[in-house]
Each structure stands twice: as C-alpha cells, then as structure tokens.
Amino acid sequence: MTVLFWLLVVACGGHIGPPESVAAVTLVTIGAASPFSINGIGIREWVFVALLADNFPAKEALVTLAGMTYLLGFASALMGLVTWAMMRQKAKAADAQS
C-alpha cells in the first residue's frame, strides 16, 4: 500500500520520501476509520493536506491524490467481493453435484 501511495504521489506531481509515505499511509488509514469530519473536511483529506501540502505544486493535486486513493481502495474491495462471490458460487455448485 505504501508503494502504491508513493506511485500515486509521483503521478500527481508530488515528491515524498519513504518516511513521509509510511507516515501518511498510517495516518490516513487510521483517519479513514474515523466516521466524522472537521468543519466539513474529511479526515483523509485533512491528513493529506497537513502532511503533504509542501510536497505538491498545487492543492488540487492533493484532492486528486485523495480521490485516487479512495477509488483504488474501493476497486480493491470490489475485486475482493467479486472473488468471494465467485468462490462461494463455485462451492455451492460443487456441493450440488455431490
């Protein structure tokens, strides 16, 4: 996840070192579990702005980064759900043949 995050940072035009990448992934993961926002700003986005504002040419890139990490996490979870459903269906078909 940290390497994927680093690649997204580079793709969005930012620069970040390994310690900052590990810290950002850790804090964003913890922050994403928080079910609230502060003045309408989500925890995930706030962590990105607080940690990485100096590493990006524009704040719009941070918004893009936050959105891309959310979309990649969603896509990963969706692939897991599809895999689980297919394996469950396969197991039911095997039980029906027995």
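Structural remarks
- Per residue solvent-accessible surface (Å²) - the chain, probe of 1.4 Å: 70
- The chain - convex hull of the alpha-carbon atoms, volume per residue in Å³: 119
- In Hz, Karplus ³J(HN,Hα) per residue of region 85-90 (6.51, -1.76, 1.60; θ = phi - 60°; x = Gly, Pro): 5, 5, 5, 5, 5, 5
- CD proxy at 222 nm, helix term only [per DSSP H run n ≥ 4: -39500 (n - 2.57); per residue of the chain; nearest 500]: -25500 deg cm²/dmol
- Rounded percent of accessible protein surface that carbon and sulfur make up, region 47-98, 1.4 Å probe: 67
- Peptides 77-84, 4-11, ordered by how many other C-beta atoms sit within 10 Å of their residues on average, highest first, read 4-11, 77-84.
- Sequence-ordered 3J(HN,Hα) estimates for region 55-62 from the Karplus curve with 6.51, -1.76 and 1.60 and θ = phi - 60° stand at 9, 10, x, 8, 5, 4, 5, 5 Hz, glycine and proline given as x.
The values are calculated or read from the model by the stated rules, or taken from the named source; none is laboratory data. In this text, all values refer to a predicted model and were calculated from it rather than measured experimentally. Using ideal geometry, Cβ is built from the backbone for each residue, glycine included, and neighbour counts are taken over all protein chains shown. To get the accessible areas, we keep the full protein, side chains included, count just its heavy atoms, and leave off ligands, DNA and RNA. Shrake-Rupley method; radii C 1.70, N 1.55, O 1.52, S 1.80 Å.
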